[in-house]
Amino acid sequence: MNIQVLSDVNFGEELPVFDPDTGIENVRRFCKAANWMGPRFTDHEAAKKEGLPGALVPGIMSQGFLAAMIHRWAPTGNIKHIDTVFRAPVIVDEHYHIKGVVTDIDEDSGQVEIDLTVVNDAGETRVFGTATVVLLQSA
Amino acid sequence: MILDLHAHSIKSDDGRAKVSNYVQWIKTRGLPIDGFVLTEHRQFDFESDYSDMARESGLVILKGSEVETEYGHVLVFGVTESLTQSLDFTNIRLALKDVLKAADDHGAIAIPCHPGRPRVGMAAHIETYGIPAGVGIVETFNGGSRENEDEIAQVMASAQGYRGIGGSDAHIVSHIGRCATRFEDSIRNETELVISLRSGRFEAITYRNAAA
């Protein structure tokens with residue numbers, strides 16, 4: 001269900017899980033479009049030569065995935081703030097699940113706080129953060 | 001009694017959770033914990049008073065700290081003003097032996113946390129510095145652990161005869177209570193927490209599989 005107004009939202013509500021396409025071709029397309037090129041993002045072997053476990057999904061791409069998930073859930077929501085802490089690298093060609101859950105609702109300001117996590121298949125949190133989203137208070 | 005012994009609020013530089021939202025989360029989700037300890041990074045939060053929130057919610061909300069040593073990060077419970085005067089909590093290069101001694105001298109207790117974690121965990125530094133004297137307890141379940149970090153902690157604890165505690169290491173609301181510690185005693189304040197930890201009457205528990 002899409003969220004339109006603040007009263008649609010409940011504390012603890014989980015956003016639909018989003019499994020992003022972190023395949024190498026998608027990452028290369030993103031890097032080209034964002035002019036954010038670098039072998040550490042687009043080439044596993046080059047990344048390993050830098051001491052990384054593999055090519056990295058750029059942080060700005062991960063943040064884009066987070067914003068996309070929020071807007072799918074609340075298309076008219078105004079994302080005021082996304083704040084992420086990268087605890088471990090997000091590796092190209094590995095599977096991740098982006099999760100969100102509502103952890104605060106401010107009726108006065110129309111703002112909701114969302115916990116965000118990027119989790120791998122093993123259930124490990126690679127990235128966590130929060131988003132502040134402003135929703136319409138009435139239709 | 002079950003307490004999550006390792007949580008961070010917005011008082012920590014990388015914490016994103018308000019304490020009131022931890023409480024709301026625990027109550028609305030019906031988490032099987034009786035409270036939690038706020039262990040803010042490199043500081044002790046003297047100014048916040050959560051006693052009203054604790055009373056209204058029926059949860060135990062205590063305060064501790066997480067400091068940094070050459071062996072990685074260390075939780076300190078039972079922090080007093082005199083302890084913070086004798087130990088610079090903001091120093092990221094504290095000596096573990098100094099933390100252990102200062103804690104002991106001031107009625108507190110120091111416990112290495114996420115010891116299986118690279119760089120900031122105790123196991124990663126044993127080859128360089130040797131087995132530290134004076135450690136009796138380590139965190140064997142940490143809610144933020146990846147790969148085999150908890151296993152490394154448990155193997156080390158077993159080999160060295162350490163007792164284990166559990167904590168979520170929550171930095172966001174929805175991570176509270178992922179791991180915790182079950183105590184035989186009832187605990188109402190930091191002094192009773194230290195007594196119970198020194199008694200050894202506790203065990204580390206995890207709810208991570210249930211949460212996943």
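The values are calculated or read from the model by the stated rules, or taken from the named source; none is laboratory data. It should be emphasised that the depicted structure is a prediction, and the values quoted were computed from it without experimental measurement. For neighbour counting, all protein chains shown are included, and Cβ atoms are generated from backbone atoms with ideal geometry for every residue, glycine included. Quick note on the areas: whole protein, heavy atoms, side chains included, nothing else; ligands and nucleic acids left out. Shrake-Rupley method; radii C 1.70, N 1.55, O 1.52, S 1.80 Å.
Summary of computed values
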| item | result |
| --- | --- |
| Any chance residue A:93 is free of Cβ contacts under 8 Å to residues at least 24 places away in the same chain and acidic (Asp, Glu) | no |
| Residue in region B:157-168 that is within 14 Å of chain A (Cβ to nearest Cβ), in a loop (DSSP other than H, G, I, E, B) and open to solvent by 20 Å² or more (accessible area, probe 1.4 Å) present | no |
| Set A:97, A:81: member being open to solvent by 50 Å² or more (accessible area, probe 1.4 Å) and within 15 Å of the chain's Cα centre (by Cα) | A:81 |
| Qualifying residue in region B:37-54 (condition: aliphatic (A, V, I, L, M), under 17 Å from the mean Cα position of the chain (by Cα), farther than 30 Å from residue A:81 by Cβ and outside any loop (DSSP other than H, G, I, E, B)) | no |
| Condition met for residue A:30 (assigned to a helix (DSSP H, G or I), in contact with a Phe, Trp or Tyr (Cβ under 8 Å, 6 or more places away or on another chain) and of a type outside the set (A, V, I, L, M)) | yes |
| One residue from B:107, B:134, B:144 being out of contact with any helix residue (DSSP H, G or I) (no Cβ under 6 Å at 6 or more places or on another chain), assigned to a loop (DSSP other than H, G, I, E, B), at positive phi and touching a residue at least 24 places away in the same chain (Cβ under 8 Å) | B:107 |
| Failed condition for residue A:60, given (1) more than 12 Å from chain B (Cβ to nearest Cβ); (2) closer than 30 Å to residue B:168 by Cα; (3) at pLDDT 95 or above | (3) |
| Filtered residue count, region A:108-139, keeping only those that are closer than 15 Å to residue A:71 by Cα, under 18 Å from the mean Cα position of the chain (by Cα) and open to solvent by 20 Å² or more (accessible area, probe 1.4 Å) | 2 |
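To keep it simple, each residue is scored yes or no on (1) touching a His at 6+ places or on another chain (Cβ under 9 Å); (2) part of a strand (DSSP E or B).
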{"site": "A:72", "(1), (2)": "no, no"}
{"site": "A:83", "(1), (2)": "no, yes"}
{"site": "A:89", "(1), (2)": "no, no"}
{"site": "A:94", "(1), (2)": "no, no"}
{"site": "A:97", "(1), (2)": "no, yes"}
{"site": "A:103", "(1), (2)": "no, yes"}
{"site": "A:108", "(1), (2)": "no, no"}
{"site": "A:128", "(1), (2)": "yes, yes"}
{"site": "A:131", "(1), (2)": "yes, yes"}
